[in-house]
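Colleague: Take a look at the following structure, please.
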Amino acid sequence: MADQSIERFVRSCMKECVDDNVSALAENAGEAGKRAVKLLKQRSKVRTGAYKKGWKADVKTDETGTECTVHNRVYQLTHLLENGHAIKNQTGKYYGNVPGDGVIAEVADQVAREFADMGGDGR
């Protein structure tokens with residue numbers, strides 16, 4: 001019987017701590033997402049401008065935690081520019097490879113470091 005009351009007490013204390021930090025974490029995750037979008041818009045390649053303008057950040061909070069997803073509306077091009085791709089014409093003749101630029105990985109690392117340095121929850 002005593003084990004159940006201790007367990008309830010621990011759960012209630014943990015829920016209090018988590019509830020206090022959820023709003024701060026969501027706000028900071030949103031700020032990190034905005035920062036990532038800003039950096040990606042600055043560093044993205046420009047041909048028509050649609051790829052550069054297509055970066056968006058979404059913050060979702062549920063019972064499993066807070067998640068910030070940065071994505072581009074031109075998702076097919078994102079993979080090719082980040083990782084590189086082969087150059088072929090319509091007949092299948094191979095002309096070589098285009099190396100990836102790695103912009104997304106650089107921005108992700110930079111924003112993750114900044115988010116970790118501020119503590120994630122802003123404390």
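The values are calculated or read from the model by the stated rules, or taken from the named source; none is laboratory data. Given the structure is predicted, the values throughout are model-derived calculations rather than measurements. Note that each Cβ is placed from the backbone with ideal geometry, even for glycine, and that neighbours are counted across all protein chains shown.
Colleague: Scan segment 40-51 and give yes if some residue there is farther than 23 Å from Arg113 by Cα and part of a helix (DSSP H, G or I), otherwise no. Walk me through how you get there before you give the answer.
Modeller: In the first step, residues of segment 40-51 are kept if they are farther than 23 Å from Arg113 by Cα; the result is 45-51.
Subsequent filtering for residues that are part of a helix (DSSP H, G or I) retains 50-51.
For segment 40-51, residues farther than 23 Å from Arg113 by Cα and part of a helix (DSSP H, G or I): present.
Colleague: Of the residues Ala36, Ala57, Ala26, only one is in contact with a Lys or Arg (Cβ under 7 Å, 6 or more places away or on another chain), of a type in the set (A, V, I, L, M) and within 23 Å of Arg113 (Cα to Cα); which?
Modeller: Details: Ala36 fails: in contact with a Lys or Arg (Cβ under 7 Å, 6 or more places away or on another chain); Ala26 fails: in contact with a Lys or Arg (Cβ under 7 Å, 6 or more places away or on another chain).
None of the other options fit; the residue is Ala57.
To keep it simple, each residue is scored yes or no on (1) modelled with pLDDT under 90; (2) under 29 Å from Ala26 (Cα atoms); (3) within 15 Å of the chain's Cα centre (by Cα); (4) not aliphatic (A, V, I, L, M).
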| position | (1), (2), (3), (4) |
| --- | --- |
| Thr66 | yes, yes, yes, yes |
| His71 | no, yes, yes, yes |
| Val74 | yes, yes, no, no |
| Leu80 | yes, no, no, no |
| Pro99 | no, no, no, yes |
| Ala105 | no, yes, yes, no |
| Ala108 | no, yes, yes, no |
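Colleague: On to the next question. Look at segment 65-123 and say how many of its residues are among the polar types (S, T, N, Q), free of Cβ contacts under 8 Å to residues at least 60 places away in the same chain and not in a loop (DSSP other than H, G, I, E, B). Break it down into steps so the answer makes sense when it comes.
Modeller: Of the residues in segment 65-123, the ones among the polar types (S, T, N, Q) are 66, 69, 72, 76, 78, 83, 89-91, 97, 110.
From what's left, free of Cβ contacts under 8 Å to residues at least 60 places away in the same chain: 66, 69, 72, 76, 78, 83, 89-91, 97.
Subsequent filtering for residues that are not in a loop (DSSP other than H, G, I, E, B) retains 66, 69, 72, 76, 78, 83, 97.
Residues flagged as among the polar types (S, T, N, Q), free of Cβ contacts under 8 Å to residues at least 60 places away in the same chain and not in a loop (DSSP other than H, G, I, E, B) within segment 65-123 amount to 7.
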